[in-house]
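The values are calculated or read from the model by the stated rules, or taken from the named source; none is laboratory data. Predicted model only: the values in this text are computed from it and were never measured. Glycine also receives a Cβ, built like all others from the backbone with ideal geometry; neighbour counts cover every protein chain displayed. Please note that ligands, DNA and RNA were not included when accessible areas were found on the heavy atoms of the full protein model with its side chains. Shrake-Rupley method; radii C 1.70, N 1.55, O 1.52, S 1.80 Å.
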Amino acid sequence: MSWLTNFSKPKISTRKKRGVSASVWAKCPACGDLIYDQDLVPNLYVCGACGHHLRWPLKERLAAWFDKGLYTEIPVPHMPDDPLQFKDRKRYKDRLKEARKATGREDAFVVASGEVGGNPCVVVALDFDFMAGSMSRAVGEAVVVAAQAAQAAKTPLLAVTASGGARMQESVFSLMQMARTTAALADLREAGVPYIVMLADPTTGGVTASFAMLGDVTLAEPGALIGFAGPRVIAQTIGGTLPEGFQRAEYLKEHGMVDAVVARGAQKTTIARLISLLG
Amino acid sequence: MHYLEFEKPLLEMTERITALRTALGKGEVGAEKDMEKEVARLTVKQARVARLLYRNLDAAQKVQVARHPGRPQGDDYISALLKDFVPLAGDRRFGEDKAILAGIGLWQGTHKVAVVATRKGKTTTQRLERNFGMPKPEGYRTAMRVFDLANRFGLPIITLVDTPGAYPGIEAEERGQAEAIAASMSKLLDVNVPVITIITGEGGSGGALALAVADEVLMLEHAVYSVISPEGCAAILWKEANKETIPQAASALKLTAQDLEKLGLIDGLIKEPVGGAHRDESLTITRVGDTVSRTLLRLKGKSSKENRRKKFLALGHG
Ligand SMILES: [Zn+2]
């Protein structure tokens, strides 16, 4: 496994063992059923009563997908913060500081390598908890780094998307990440390296309209909101109501926009199969 | 002509000039000689005021100029600059998008090119059927078909971009607006012919970028290019879009051609006539025509998909 040695030491994800006293109940946003906090992780954040897929914390997702929960983070060169000295009601620098403190991440991504079902792969995953997974220069850079690492190692690339769209505070720098990521994926495609996308809730805007929709295979999580324009903008534009299930994963599949809607329990197997068949 | 709010001094002078001319025409009694002198004086002054106003436009004013209904549009450029133009319509998948005009012809009668332009329209009927210049997936897929054709037959690609953005609607989403935009960018990174983009008015987010992944991205002097409209940005980040927050958002977004050139995110500017493109359509079109012709000569044999990918991979980096 020489491809692993270039990277830093593997991390074993730790699943917090909480005492009964510390445990709380979460409420399923779909059916209202109470879910015991301790059950969330083993149930992959799926409601046992109705099957609703809650948002899956990135750390848990990576731990569940990678064999034995083992993966290596691939470092992404730091992009200088706040290229435009942007300030709205708040300074962008302060927003970044808060997001970093809350998530412990540099920006809205993780790039990692490891094995899924014995198949080596590189994963780039967006973290919706960091400024709504919005596309900053750093996020664009992460996708580029991931694509180039996959290309260099000739191992499949897997992207997990969850994003509100552009990082407005980076304006056209954010916009250009759509073209940057597309360019990196064009190289990857020509190198014959498979690229698989898992669309998670929600994936909208510039992320959808670039690397999220360029997969060789496009998977989606049940119930995930996926679209270019947000539902509110569309409702405003047309001045009417939206169809039932509009922009949900199942709706996209019905309209030919995704290959499969894959429930959490079947994701690891599906990904492993795809990688081994295409890789 | 439609006058913008900040152009009010120009409008007032025009009204006075018109009034004086009418009075002169009617042969009204008065110091005719003085009136003629006054008309001449006002005309000179108006030109000077226009020059001054347009030299110091702020971002929000630029947005207004970029959206001016009297600016030359894709159709105007194509009918003036392309000889033997043959329009090519439809995506062969779903339909035609009237917000896109594509085709092949001879740029300034000399260079064989493929052209793709967004179209806002000038009459109400046109604006409605073209969705105010917001393309649908079939529009981007038509563009891709023409990009492919250009690539196979070695024709450079010229795109003329002036759009508020991609159309946000139910059918557009159902037919894969996001996929169409991504695929269009990808196609432009796959062709081995020169690609030149001119942002002639509004460069509205991904809907514009889908057609602007070019070797040379040039902007008209008062055009704007942004990830979101200042109205949208104000509504989200300032929680309310109003007369105060919209100009603040416009300025913060650094969306003017001058800002973007300084940031290294575009490749150059094309000067507009004094008082903006809407004051002299034919001069604007000629300047765009000449600039593109020069760029075509410069790029001849020098552009490749590898270079274009490298350019975008390095864009705004560090
Ligand atoms: Zn439930």
Point-to-point label distance, A:ALA266-B:ARG93, nm (Cα→Cβ direction, 7 Å offset): 2.6
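In the stretch B:4-107, what GluC sites (Glu not before Pro) fall in a loop by DSSP, with at most 14 other Cβ atoms inside 10 Å?
B:GLU28, B:GLU96
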Those residues of the stretch B:34-51 whose amide nitrogen sits under 19 Å from the label point placed on B:ALA23, 7 Å along Cα→Cβ: B:34-46
Normalised contact order of the stretch A:55-278, rounded percent, pairs of Cα under 8 Å and 6 or more residues apart: 16
No Cys partner within the rule (Cβ under 4.7 Å), the protein assembly as shown: A:CYS121, B:CYS233
Average projected area [Cα convex hull, the protein assembly as shown], square nanometres: 30.5
Calculated log₁₀ intensity ratio I(q)/I(0) where the Debye formula runs over C-alpha points of the stretch A:55-278, q = 0.08, 0.12, 0.13, 0.17 Å⁻¹: -0.27, -0.62, -0.72, -1.23
Surface accessible to a 1.4 Å probe, per residue, for the residues of chain B, Å²: 42
Label-to-label distance, nm, for residues given as B:LEU106 and A:HIS78 (7 Å Cα→Cβ offset): 5.9
For the stretch A:187-222 and the stretch B:25-75, distance of Cα centres in Å: 52
Rough spin-label spacing in nm, given labels placed 7 Å along Cα→Cβ, for B:ALA47 and B:ASP148: 5.2
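Which GluC sites (Glu not before Pro) from the stretch A:143-248 combine a DSSP loop assignment with at most 15 other Cβ atoms within 10 Å?
Details: sites: A:GLU170, A:GLU190, A:GLU244; in loops: A:GLU244.
Answer in residue order: A:GLU244.
If r is the Cβ-Cβ distance from B:THR124 to B:GLU240 and R0 is 41 Å, what FRET efficiency results, to the nearest 0.05? The partial results should precede the final answer.
Values: r = 30 Å, r/R0 = 0.73.
In this case the efficiency is close to 0.85.
Show me B:69-77, A:265-273 ranked by packing, highest mean number of other Cβ atoms within 10 Å first.
My ranking of the peptides, most packed first, is B:69-77, A:265-273.
Hey, what number do you get for chain A at 222 nm if only DSSP H runs of n ≥ 4 count, each worth -39500 (n - 2.57), divided across all residues, to the nearest 500? Don't skip to the end; give the middle numbers.
On the way: 10 runs with 98 residues, N = 279.
Per the formula, -10000 deg cm²/dmol.
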Residue-by-residue Karplus 3J(HN,Hα) for the stretch B:208-225, coefficients 6.51, -1.76, 1.60, Hz, glycine and proline x: 8, 4, 3, 10, 10, 8, 10, 4, 10, 10, 10, 10, 5, 3, 10, 6, 10, 8
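Test of understanding: what is the full-extension gain from A:GLU244 to A:CYS50, defined as 0.36 nm times their sequence separation minus their Cα-Cα distance?
68.0 nm
For B:THR286 and B:GLU306, FRET efficiency with R0 = 25 Å and r from the beta-carbon atoms, rounded to 0.05? If you can, show how the numbers build up before the last one.
Numbers: r = 34 Å, r/R0 = 1.35.
Result of the calculation: an efficiency of 0.15.
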Nearest-0.05 FRET efficiency for A:ASP94 and A:VAL24, computed from C-beta distance (R0 41 Å): 0.85
Protein-protein interface of the stretch B:181-212, residues with accessible area decrease of at least 10 Å², isolated chain reference, 1.4 Å probe: B:ILE181, B:ALA182, B:MET185, B:SER186, B:LEU189, B:ASP190, B:SER205, B:GLY206, B:LEU209
